[in-house]
1. Restricting attention to the stretch 148-164, does a residue exist that is part of a loop (DSSP other than H, G, I, E, B), more than 17 Å from the chain's Cα centre (by Cα), modelled with pLDDT under 95 and surrounded by 15 or more Cβ atoms within 10 Å (Cβ to Cβ)?
2. Given the options 15, 5, 57, name the one that is modelled with pLDDT of 80 or more and touching a strand residue (DSSP E or B) at 6+ places or on another chain (Cβ under 7 Å).
3. Determine which member of the set 121, 116 is surrounded by fewer than 20 Cβ atoms within 10 Å (Cβ to Cβ) and closer than 23 Å to residue 224 by Cβ.
4. Please pick out the residue among 91, 106 that is part of a strand (DSSP E or B), in contact with a helix residue (DSSP H, G or I) (Cβ under 7 Å, 6 or more places away or on another chain) and touching a residue at least 12 places away in the same chain (Cβ under 8 Å).
5. Restricting the stretch 226-249 to residues that are in contact (Cβ under 8 Å) with a residue 24 or more places away in the chain and within 16 Å of residue 301 (Cβ to Cβ), which is farthest from the chain's Cα centre (by Cα)?
6. What about residue 298, is it at positive phi and in contact (Cβ under 8 Å) with a residue 12 or more places away in the chain?
7. Just checking, which of 244, 252 is surrounded by 14 or more Cβ atoms within 10 Å (Cβ to Cβ) and modelled with pLDDT under 90?
8. State the number of residues belonging to the stretch 165-184 that are under 24 Å from residue 101 (Cα atoms) and not in a loop (DSSP other than H, G, I, E, B).
C-alpha cells in the first residue's frame, strides 16, 4: 500500500511576487488572473488523479497541477495494485478585489550580424521579459531553425534547461517561472550551411493566458552568402560587370587587393578595397590577383587567382 502524505504542497503565485513556501493551509487565496501550483507526494505512485469539487479533471495525471479556477481540490495516487485514499482538500479562493493579474511575455530574437559566409558561425540572442503584473509559470521558448543552417551549441550561461530536437530542427528552452519585470536571455551558436535567407522563428509561452500575444514571437533573419571572386569582368562602360566585384566583401572588417600583370609587376593595390577597381588604363588580358581579408576571429586568409579583363564584348 502507499505511504500517503495527507496534504497537498502548494506554490502560491501572489499578485506581485512568487511565494515559494510549501503551504499546508487548507485554503489558498489567489488574485484574479493568477494561478497556484499543487504538488502531490506519494511513495511508489505511478500517476495521479486530480479532482475539483469532487469531479475528476480529465487529462491531469502528473504530480503537479497548476490551476486558476476557484474550487476544492483533492488528489488520489494510483498504483499497480492499490490506490491511495483521497487527500485532504485544499480550497482555492479567487479574490475579486483589485485589478486582475496579467502575464505579458515578450520575446526578442536578435542575430549578431545581418550577413554571414557559408560555413561561418553566428549567434542568435533570445531575450524574454515579463511585462505583466503576475508571474508567468512554466515558461517555454521554442526556436525553429531555417533549413540552410545548423544548430551548434549554447554559448552563454542561462536559466533552466535547453533541449535540441535534430529531427524537428527545434530548440526548446525552459527557463522556469518568470516574475513581473524579470528577464532572461539565451545565446545560441548557429552554423551557416548554404546560401539564402536564414530566418529563425522563436515563440514564448507560459501556463497563463498572455495579455498581449502579438509580442510572443520574433523572427531573426541572416543572409547567408558565399565569398565569390569573379574570373572575368568587362569594364566597357555599359553599366554591367564594369568593376572587379567580390561578393561578400562587406562581411569583413579589413581587406586588401593587389593586382599583378603577367610579368609579376604590381599594377594596382587597395588596402581597403570597396569593389571599385575597373582596370583603368589597362588593356585587355589576363591578370593575377591576391585578395587578403581579415576574418572576424582575427585570422588573415589570402585568396589568389587569375582575372581576365575584356573590354570589347561584341566579339
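The values are calculated or read from the model by the stated rules, or taken from the named source; none is laboratory data. Keep in mind the model is a prediction, meaning the values are calculated, not measured. Methodologically, a virtual Cβ is constructed for each residue, glycine included, from the backbone with ideal geometry; neighbour enumeration extends over all protein chains shown.
1. Checked the stretch 148-164: no residue is part of a loop (DSSP other than H, G, I, E, B), more than 17 Å from the chain's Cα centre (by Cα), modelled with pLDDT under 95 and surrounded by 15 or more Cβ atoms within 10 Å (Cβ to Cβ).
2. After applying the criteria, what remains is 57.
3. 121
4. Just one listed residue meets the conditions, 106.
5. Checked the stretch 226-249; the qualifying residue farthest from the chain's Cα centre (by Cα) is 229.
6. In short, no.
7. Matching residue, one of 244, 252: 252.
8. 7
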